[in-house]
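Have a look at the structure below before the remarks.
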Amino acid sequence: MPHPELVVSQRDGIATVLIDRPEKRNALTLPMWVALAEAMDGLSADTALRCVILRGAGEASFSAGADIAAFRHERGTPEREAAYAEALENAFLSIERCVHPVVAAVRGWAMGGGCGIALMADFRVGGPGTRLGIPARMLNLYYPHAGLDALLRIAGHAVASEMLLEGRVYDGAEALERRLLNRLAGEDAEVPAEAEALARRIAEGAPLANRFHKAALRALRGPLPIGAADRAAADAFPGTADFQEAVAAFAERRRPVFRGL
């Protein structure tokens, strides 16, 4: 179902999906992840479209990823976690599987799931103030396999290790150097216009050829070798004491103390 904080618009063959929650740094709740997948699937089925732009409202954040404050009622039990994991993976894959080319206008912070949204796009346009990072290690949370696959494919093992294990956050120039961004605007304010210009150049091409080449590039990578044991290991995180400690620490605005339990 449509969500009021996920706004979809279209003009001249280009659709824009706006994460419209700037007061929360465009963090997504569970219903928003579900709505994002539904929105992308709907746009993918629209043969009149030529390109899709993903962006966040305001100037500070593309998206801070998942809304950690909502974890206490959205996650924490096997049943809730199964629903959350499915929604998150569906949202990520809906971007990758969209038949149209997808451009992420990454202005400001793109953290965790927000970074994942950008990585699943075909193109990422940022600015000097762009910040890309994955703070999963400070939340004792898994990062979705689809997002890990995109990160490895785009930037390689060394960068993925820095982001996931060390917690490195890259600014715009560093992200461009490490291939996390395709384009770097001269100023942060120019990011939306730069993304729009890129989308228009894409839209000028033959849509059938663009769709074929996007699908062919994806097919040549082959399926992810992820089995039931891998998924079960990921789903087990919210049942750990360290996960509960991370959520409590976030709410109390302090550093978590992890014990490996």
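Quick notes
- Residue match in the range 69-83 (condition: within 16 Å of the chain's Cα centre (by Cα) and open to solvent by 20 Å² or more (accessible area, probe 1.4 Å)): no
- Residues of the range 219-252 that turn out to be exposed (fewer than 12 other Cβ atoms within 10 Å of the Cβ) and at pLDDT 80 or above, as a count: 3
- For the range 167-180, the criterion of being open to solvent by 20 Å² or more (accessible area, probe 1.4 Å), outside any strand (DSSP E or B) and touching a Lys or Arg at 6+ places or on another chain (Cβ under 6 Å) is met by at least one residue.
- The range 181-215, subset open to solvent by 60 Å² or more (accessible area, probe 1.4 Å) and of a type in the set (Lys, Arg), residue nearest to Ala104 (Cα to Cα): Arg183
- Matching entry among Leu119, Leu151 (being closer than 20 Å to Ala193 by Cα, modelled with pLDDT of 95 or more and of a type outside the set (Ser, Thr, Tyr)): Leu119
- Subset of the range 68-78 (residues that are more than 17 Å from Ala136 (Cα to Cα) and modelled with pLDDT under 85): Thr77, Pro78
- Looking only at the range 21-33, and only at residues there that are in a loop (DSSP other than H, G, I, E, B) and not small (Gly, Ala, Ser), the one that is most open to solvent (accessible area, probe 1.4 Å): Arg25
- Residue satisfying condition, being under 14 Å from the mean Cα position of the chain (by Cα), open to solvent by 20 Å² or more (accessible area, probe 1.4 Å) and within 24 Å of Lys214 (Cβ to Cβ), within set Leu36, Leu54, Leu18: Leu18
- Residue, farthest from Met120 (Cα to Cα), within the range 39-51, restricted to residues that are open to solvent by 70 Å² or more (accessible area, probe 1.4 Å) and not hydrophobic (A, V, I, L, M, F, W, C): Thr47
- Inside the range 113-155, residues that are assigned to a loop (DSSP other than H, G, I, E, B), open to solvent by less than 20 Å² (accessible area, probe 1.4 Å) and closer than 27 Å to Asp188 by Cα make up a count of 4.
- Pairs, first farther than 15 Å from Ala121 by Cα in the range 164-193, second hydrophobic (A, V, I, L, M, F, W, C) and in a helix (DSSP H, G or I), C-beta under 6 Å, six or more apart: Arg178/Ala155; Arg178/Val159; Leu184/Leu176; Ala185/Val191
The values are calculated or read from the model by the stated rules, or taken from the named source; none is laboratory data. Predicted, not measured: the structure shown is a model, and the values here were computed from it. We place every Cβ from the backbone using ideal geometry, glycine too, and count neighbours over all the protein chains shown. With ligands, DNA and RNA removed, areas are computed over all heavy atoms of the protein, side chains included. Shrake-Rupley method; radii C 1.70, N 1.55, O 1.52, S 1.80 Å.
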